[in-house]
Amino acid sequence: MAIAADHIRTTLTTYLDTHPEDKPDLAPVLDLLDGGADLTSRKEFRGHVTAGAILADTDGRLLHIHHRALDMWLLPGGHLEPQDTSLLGAALRELAEETGIPADAVTPADGHPIHIDVHPIPARTPSRSLAGAPDPLGPPDAKGEPDHQHVDFRFLFRTTADVRQLQSDEVTAATWREIHTLRDATLRQRIAAALR
């Protein structure tokens, strides 16, 4: 059974009970849920849910992937799929797909998100030729999506494994980085505390 709004709401509410300081930033997400928005749909451009995996190795380093479409180093993760039954499971699936690290080589630090982040995603519109038709030589990842918001439920995992097979259509490289390289101070602090 696919992830339902009730699962998203319960996960979000439990998270906010633990991190009440995040309520102002996440209030718009609750408003979308209250308004009946389908946050599992990629077509909900006011905001839709994604699942992120923060993977720590035995030295406390975090796995980063280079995302082809955004041309940025990011933590693994991505959109929900119809077969996903939980946000934690979706994060684990994305991690395995993007890095080839099997699910049985990864242990969740907790069953709850360590962080929920709302961030903008730039428009991805197809290139146009001079005649106005889609340019076949344009970017292969252009999906005709306007600017939109991702509500990223991030889960912390641990592993002794290393990257095996990158998902080459989305990921160009992977590397392990120290926690201090994360830009988000809250995320850094939460991961460091969880890994102690």
Tell me which residues, restricted to segment 128-170, are closer than 22 Å to Val118 by Cα, modelled with pLDDT of 90 or more and either among the hydrophobic types (A, V, I, L, M, F, W, C) or open to solvent by less than 50 Å² (accessible area, probe 1.4 Å) (or both). His148, His150, Val151, Asp152, Phe153, Arg154, Phe155, Leu156, Phe157
What about Thr107, is it at pLDDT 95 or above, of a type in the set (Val, Ile, Thr), surrounded by fewer than 18 Cβ atoms within 10 Å (Cβ to Cβ) and outside any loop (DSSP other than H, G, I, E, B)? yes
Tally up the residues in segment 50-89 that are open to solvent by less than 30 Å² (accessible area, probe 1.4 Å), in contact with an Asp or Glu (Cβ under 6 Å, 6 or more places away or on another chain) and assigned to a loop (DSSP other than H, G, I, E, B), please. 1
Collect the residues in segment 15-49 that are of a type in the set (S, T, N, Q) and either touching a Leu at 6+ places or on another chain (Cβ under 7 Å) or open to solvent by 50 Å² or more (accessible area, probe 1.4 Å) (or both), keeping them in residue-number order. Thr18, Thr40
Given the condition part of a loop (DSSP other than H, G, I, E, B) and more than 15 Å from the chain's Cα centre (by Cα), answer yes or no: does some residue in segment 18-28 qualify? yes
Looking only at residues in segment 1-14 that are hydrophobic (A, V, I, L, M, F, W, C) and open to solvent by 40 Å² or more (accessible area, probe 1.4 Å), which one is farthest from Leu187 (Cα to Cα)? Met1
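The values are calculated or read from the model by the stated rules, or taken from the named source; none is laboratory data. All values reported here derive from a predicted model rather than from experimental measurement. Because the Cβ atoms are built from the backbone with ideal geometry, glycine has one as well, and the counts that use them run over all protein chains shown. Ligands, DNA and RNA are stripped out before the accessible areas are found, and what is left, the full protein with its side chains, is counted by its heavy atoms. Shrake-Rupley method; radii C 1.70, N 1.55, O 1.52, S 1.80 Å.
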